[in-house]
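S.K.: My questions will all concern the structure given below.
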Amino acid sequence: MKESLQKRDSWNSKLGFILATAGSAVGLGNLWKFPYTVGKNGGGAFLLVYMIFLLLIGYPLMLAAITLGRKTKLCAVGAYKSINKNWAFVGFLGVLCGFFILAFYSTVGGWVIYYLIEAIKGNLNTTNSTLLANIFTQFISSPQKSILYQAIFLIITYLIVVKGIKNGIEKASKIMMPALLIMIIIIAFRSLSLPNAIEGIKFLFIPDFSKVNLNVIMNALGQVFFSLSIGMGVIVTYGSYLDKKENIILASTYIPLLDTFVALVAGLATIPAVFSFNFEIAQGPSLMFITLPAVFSSMSFGYLFCIAFFILVLFAALTSSISMLEVCVSYFVDEKNKKRSSSALLITLVIFLIGIPATLSMGVLKDFKLLGSLNFFDFYDKLTSNIFLPLGGFLLSIFVGYVLTTKLALDEICINGEKFILASIWSFLIKYIVPPLVFIILINSLKELFTLIIN
Ligand code: PHE
């Protein structure tokens, strides 16, 4: 408890909050997951559904989560519990979700570290898709290597969380985040100037409505939750550090805006190049790792760009992974009175163990489908993005809408006399739109997951 209180003091600045929360939101979800999910789900049709969910569900929930955190000044479990004891389980669900996200997030974090090293060695300097695909496949097919790099990613995450240098990392993101932004804008320009890039733009921005199906809808909702870090208590926890004098409305507007901007630019950096180089748009998780090195190879100073890019991606991934680990650790520290260092170590170890099958299922265990037609990586991804996070978001909307009540939430939002012109729209969305909409999609996702497992 003491430890978390100390931390609470040191985070009392709006910039600290924005940096930490934006750091959590902007990560592999934007740079790696968004482009390939767009690619797999029909391009513009997916983007359109994504944008609608962002406005109707993501943004209102972001505001709700920050408000709940700041009102109670407690971490996720404590926040729910302090208002109604029976609701503590929502915080606990978030902790559980953190374990499973980090389990496969660290797989990809490991890939980024490996690619950084390969970039330094100068091994990625080609636009040949077969060669680039080989580099990727060879790496993920080596159990030793891919597990080793996953472990390195987790160890770095652990060290940051336990050594209390999170603050330093968040301050560093003041430089790293703008650097990342400038960098992907430049890459996007390069990608857009490649021959045939226009096909990629069309794919991304012109919706083909015949492609909108239930799957696209479920994945778009999952991506909104995943990308904004909503539904597992990260935002509630970070919101609890926000000072009472800060404007919640502004703070919760910046984050989704920035997050969506980064995702879109990452899409523009990747997708036109995929069309230009004639790569496979629906190839899935390997998309960024195969496409972007080709873009770098086609630009001057590409070698340096490639290195700088993977450093920045690693940084963005770490500011997200520490937020997940933090939710899990603070649960055991605050709620179970455990020591910070030992609980962090134990949690990281458990995540590593759950994570190993996810890593292997991209390589040697590729065809080993323990869970019906899903491998472990896909299972963790679907379980968290399409089930746990939406469930957490659904419960958050019910909680803020009816248990805390939007009236009390609005009192907190406007505590310094802030004018919130969208107040009644926000209340309406939180009470009447978010819960049924998320619920219906959630039921379908559950059905889908169940069918995939038993098949
Ligand atoms: N939003 C993060 C990203 O885009 C991932 C994340 C999900 C972080 C859930 C925390 C909680 O990379």
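S.K.: Scan segment 189-198 residue by residue and report those that are part of a helix (DSSP H, G or I) and either within 16 Å of the ligand (Cβ to nearest atom) or surrounded by 15 or more Cβ atoms within 10 Å (Cβ to Cβ) (or both). Give the derivation first.
M.R.: In the first step, residues of segment 189-198 are kept if they are part of a helix (DSSP H, G or I); the result is 189-192, 197-198.
Result: R190, S191, L192, A197.
S.K.: Related question: Taking A220 as meeting all but one of (1) part of a helix (DSSP H, G or I); (2) more than 16 Å from the ligand (Cβ to nearest atom); (3) small (G, A, S); (4) out of contact with any Gly (no Cβ under 8 Å at 6 or more places or on another chain), write down the number of the exception.
M.R.: (2)
S.K.: Next question, about the same structure. Being open to solvent by 20 Å² or more (accessible area, probe 1.4 Å), out of contact with any His (no Cβ under 7 Å at 6 or more places or on another chain) and at pLDDT 95 or above narrows it down to one of I230, I217, so name that one.
M.R.: On the way: I230 fails: open to solvent by 20 Å² or more (accessible area, probe 1.4 Å).
After applying the criteria, what remains is I217.
S.K.: Output the residues belonging to segment 270-280 that are away from the ligand (no atom under 16 Å from the Cβ) and either crowded, with 23+ Cβ neighbours inside 10 Å or not in a loop (DSSP other than H, G, I, E, B) (or both).
M.R.: Our first condition is that a residue be away from the ligand (no atom under 16 Å from the Cβ); within segment 270-280, this holds for 271-280.
Of everything in segment 270-280, those that are away from the ligand (no atom under 16 Å from the Cβ) and either crowded, with 23+ Cβ neighbours inside 10 Å or not in a loop (DSSP other than H, G, I, E, B) (or both) turn out to be I271, P272, A273, V274, F275, S276.
Yes/no matrix, rows are residues, columns are (1) buried (at least 19 other Cβ atoms within 10 Å of the Cβ); (2) touching a Ser or Thr at 6+ places or on another chain (Cβ under 8 Å):
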position: L102; (1), (2): yes, yes
position: S106; (1), (2): yes, yes
position: A119; (1), (2): yes, no
position: G122; (1), (2): no, no
position: S129; (1), (2): no, no
position: F136; (1), (2): yes, yes
position: S141; (1), (2): no, no
position: T157; (1), (2): yes, yes
position: K166; (1), (2): yes, no
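S.K.: Here's a follow-up. Only residues in segment 109-130 that are free of Cβ contacts under 8 Å to residues at least 60 places away in the same chain count as the first member; pair them with residues that are among the charged types (D, E, K, R), Cβ under 9 angstrom, at least 6 apart or cross-chain, and list the lot.
M.R.: Listed by first residue and then by second, the contacts come to Y114/K145.
S.K.: Looking for whichever is open to solvent by 10 Å² or more (accessible area, probe 1.4 Å) and either of a type in the set (A, V, I, L, M, F, W, C) or farther than 19 Å from L154 by Cα (or both) here; the options are L346, L292, L325. Which one fits?
M.R.: Being open to solvent by 10 Å² or more (accessible area, probe 1.4 Å) and either of a type in the set (A, V, I, L, M, F, W, C) or farther than 19 Å from L154 by Cα (or both) holds for just one of L346, L292, L325, which is L346.
S.K.: Out of curiosity, is T237 within 16 Å of the ligand (Cβ to nearest atom), crowded, with 24+ Cβ neighbours inside 10 Å and either more than 26 Å from I66 (Cα to Cα) or charged (D, E, K, R) (or both)?
M.R.: The answer is no for T237.
S.K.: Related question: Could you figure out which of (1) within 14 Å of the ligand (Cβ to nearest atom); (2) modelled with pLDDT of 95 or more; (3) crowded, with 24+ Cβ neighbours inside 10 Å isn't true of L264?
M.R.: With respect to (1) within 14 Å of the ligand (Cβ to nearest atom); (2) modelled with pLDDT of 95 or more; (3) crowded, with 24+ Cβ neighbours inside 10 Å, L264 is out only on (3).
The values are calculated or read from the model by the stated rules, or taken from the named source; none is laboratory data. This structure is a prediction, so every number in the text was calculated from the model and none was measured. Neighbour counts are summed over all protein chains in view; Cβ atoms, including those assigned to glycine, are modelled from backbone coordinates with ideal geometry. Remember, those area values only see protein heavy atoms, side chains included, never the ligands or the DNA or RNA. Shrake-Rupley method; radii C 1.70, N 1.55, O 1.52, S 1.80 Å.
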